[in-house]
Amino acid sequence: MSDFALLRAPSQVLFGTGLAEAAGGIAAGYGRRVLLCTDATIAATGGFATVAGALEAAGLEVTLFDGGTVDVPMEVVEAAVDAGRATEPDVIVAVGGGSVIDLAKVTAVLLRHPGPLSRYYAVGSVPGPTVPLVALPTTAGTGSEVTPVSVITDPESGMKVGVASTHLIPRHAICDPLLTVDCPPEVTAHAGIDALSHAIEAAMAAEAPLTPAIVDRVQVGRNRLSDGLAIIAVRHLARNLVRAVEHGDDVAARSGMLYGSLLAGVAFGSAGVSAAHALQFAIGAATGTSHGLGTGLMLPYVMEFNRPARVGVLAEIAAALADGLGTETADPVGVVRALGARIGLPRSLAELDLRLEDLPRLARESVGIKRLIDNNPRPLDVAALEAILTAAWHGDPAMLAESTIPA
């Protein structure tokens with residue numbers, strides 16, 4: 001790795017139990033009018049009541065939008081933007097998982113810049129600052145509270161697409177583990193394995209050519225700052241994932257997961273992710289399964305495919321996993337698969353009722369997601385993606401160990 005390092009993050013990150021109450025004072029620094037974004041489930045929780053109470057105590061005028069839903073369909077975006085235009089907020093406060101925070105990000109864009117949202121699908125095309133955003137995550141997984149990406153569902157293709165711009169990074173991230181204790185076990189599992197995917201794919205990402213133009217890219221590939229954070233994240237996530245899924249009231253495990261997710265988010269917010277996420281966009285659209293389930297299922301197969309280009313990094317990942325789990329160092333591909341099985345992930349694409357004949361189409365759909373495909377450490381074309389999918393359908397990473405695709 002070269003000596004290049006780049007890190008982008010919110011202007012302020014607050015982490016710790018009880019810090020959700022800081023939301024009122026932080027939001028008040030931007031003005032009096034607040035658009036409070038969440039979903040109906042989160043709106044009924046005690047954690048949300050804490051945030052809402054803090055805004056009220058600060059004397060702010062709060063407009064509640066609780067229509068957030070998973071996958072961020074365009075009609076929900078339009079409804080949130082309409083709510084914002086009616087009140088002209090000085091700041092947006094988002095309380096929720098990745099979908100809620102992603103919704104708040106694109107709402108912040110469209111309250112400052114003309115639509116439709118599709119004009120900003122090209123990476124880096126948001127023309128300037130958005131409405132300030134304060135993000136409070138209620139899941140430990142997406143890292144959306146610190147990243148420059150919002151994932152929404154495109155109504156034309158039916159697939160998820162990313163809006164990527166440094167202007168989307170929230171101004172403040174308030175990470176309070178107490179906000180995550182109500183997260184159900186399945187959501188905790190899928191979000192947690194997604195965070196592990198962020199950390200591992202960031203550590204294994206391509207290294208961009210070192211030229212002055214690199215600073216204009218939203219995500220720049222693996223570098224010295226992102227790499228260190230990603231490896232630390234792997235350790236914390238491995239240590240706490242199973243405990244958080246099986247004992248959701250364990251605040252220490254919840255704290256460890258949220259900390260790992262935060263570090264992974266900062267790491268991949270700069271370095272980017274790659275093939276596991278690209279493939280999940282197509283898998284999720286075809287099967288209706290959650291984002292985290294798909295990235296977690298595909299992660300070991302992508303790791304195995306990329307092994308020839310990242311032998312040293314995989315050794316670091318193996319050591320971090322072993323440290324987190326308190327075990328002897330073992331092959332990281334097998335460890336990640338075992339972790340997925342322990343928290344209830346399917347072990348193959350066949351278990352999602354996909355057919356072998358579906359895989360070429362999924363490979364073709366995935367290869368066009370250039371922001372992710374070009375960030376993979378080994379070249380990816382349709383044949384390579386189909387090989388990864390085929391191994392995942394059979395549930396056998398060893399099929400890729402014998403791959404004849406050039407490294």
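The values are calculated or read from the model by the stated rules, or taken from the named source; none is laboratory data. Everything quoted here is computed from the prediction, not taken from an experiment. No Cβ is skipped: glycine too gets one built from the backbone with ideal geometry, and neighbour counts run over all protein chains shown.
Enumerate the helices (runs of 4 or more DSSP H) found wholly within the range 223-306, keeping only those where 1 or more residues are assigned by TED's automatic domain parsing to the domain that holds Leu210, closer than 30 Å to Leu210 by Cα and touching a strand residue (DSSP E or B) at 6+ places or on another chain (Cβ under 7 Å).
On the way: elements: 224-246, 251-271, 275-287, 291-306.
Filter on the range 223-306 gives 251-271, 275-287.
I'd like the full set of residues that are over 13 Å from Glu186 (Cβ atoms), surrounded by 14 or more Cβ atoms within 10 Å (Cβ to Cβ) and either hydrophobic (A, V, I, L, M, F, W, C) or at pLDDT 95 or above (or both), limited to the range 341-356. Explain how you work it out, then say what you get.
First, pick out the residues of the range 341-356 that are over 13 Å from Glu186 (Cβ atoms): 341-342, 347-356.
In the following step, the residues that additionally are surrounded by 14 or more Cβ atoms within 10 Å (Cβ to Cβ) were identified as 347-350, 352, 354.
Within the range 341-356, Ser348, Leu349, Ala350, Leu352, Leu354 qualify.
May I ask you to say which residue of Glu75, Glu56, Glu88 is within 20 Å of Thr153 (Cβ to Cβ) and surrounded by fewer than 17 Cβ atoms within 10 Å (Cβ to Cβ)? Quick ask: steps written out before the conclusion?
Numbers: Glu56 fails: within 20 Å of Thr153 (Cβ to Cβ); Glu88 fails: within 20 Å of Thr153 (Cβ to Cβ).
One residue alone meets the criteria, Glu75.
Evaluate the following for Gly97: is it modelled with pLDDT of 95 or more, among the small types (Gly, Ala, Ser) and in contact with a Gly (Cβ under 6 Å, 6 or more places away or on another chain)?
Values: modelled with pLDDT of 95 or more: yes; among the small types (Gly, Ala, Ser): yes; in contact with a Gly (Cβ under 6 Å, 6 or more places away or on another chain): no.
In short, no.
I'm trying to understand the selection: among the residues of the range 4-43, which are in contact (Cβ under 8 Å) with a residue 24 or more places away in the chain and among the polar types (S, T, N, Q)?
Result: Ser11, Gln12, Thr17, Thr38.
Let's see how each residue does on (1) among the hydrophobic types (A, V, I, L, M, F, W, C); (2) under 20 Å from Phe305 (Cβ atoms); (3) at pLDDT 95 or above; (4) crowded, with 24+ Cβ neighbours inside 10 Å:
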site: Val251; (1), (2), (3), (4): yes, no, yes, no
site: Arg254; (1), (2), (3), (4): no, no, yes, yes
site: Met257; (1), (2), (3), (4): yes, no, yes, yes
site: Ser261; (1), (2), (3), (4): no, no, yes, yes
site: Val266; (1), (2), (3), (4): yes, no, yes, yes
site: Ala271; (1), (2), (3), (4): yes, yes, yes, yes
site: Ser274; (1), (2), (3), (4): no, yes, yes, yes
site: Leu279; (1), (2), (3), (4): yes, yes, yes, yes
site: Gly288; (1), (2), (3), (4): no, no, no, no
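Mind counting the residues in the range 308-333 that are under 23 Å from the mean Cα position of the chain (by Cα) and either of a type outside the set (A, V, I, L, M) or not assigned by TED's automatic domain parsing to the domain that holds Arg224 (or both)?
Adding up the residues that qualify gives 4.
Has the range 121-140 got any residue that is part of a helix (DSSP H, G or I) and either free of Cβ contacts under 8 Å to residues at least 60 places away in the same chain or under 20 Å from Asp82 (Cα atoms) (or both)?
Looking only at the range 121-140, we keep the residues that are part of a helix (DSSP H, G or I), and these are none.
For the range 121-140, residues part of a helix (DSSP H, G or I) and either free of Cβ contacts under 8 Å to residues at least 60 places away in the same chain or under 20 Å from Asp82 (Cα atoms) (or both): absent.
Which of the residues that make up the range 92-125 are crowded, with 24+ Cβ neighbours inside 10 Å, β-branched (Val, Ile, Thr) and either more than 20 Å from Ala54 (Cα to Cα) or in contact with a helix residue (DSSP H, G or I) (Cβ under 6 Å, 6 or more places away or on another chain) (or both)?
Ile92, Val93, Val95, Ile101, Val106, Thr107, Val109
So, Asp182, is that one in a loop (DSSP other than H, G, I, E, B) and either in contact (Cβ under 8 Å) with a residue 60 or more places away in the chain or surrounded by 24 or more Cβ atoms within 10 Å (Cβ to Cβ) (or both) or not?
yes
Taking the condition of being touching a residue at least 40 places away in the same chain (Cβ under 8 Å), in a helix (DSSP H, G or I) and hydrophobic (A, V, I, L, M, F, W, C), how many residues in the range 336-358 meet it?
Residues flagged as touching a residue at least 40 places away in the same chain (Cβ under 8 Å), in a helix (DSSP H, G or I) and hydrophobic (A, V, I, L, M, F, W, C) within the range 336-358 amount to 5.
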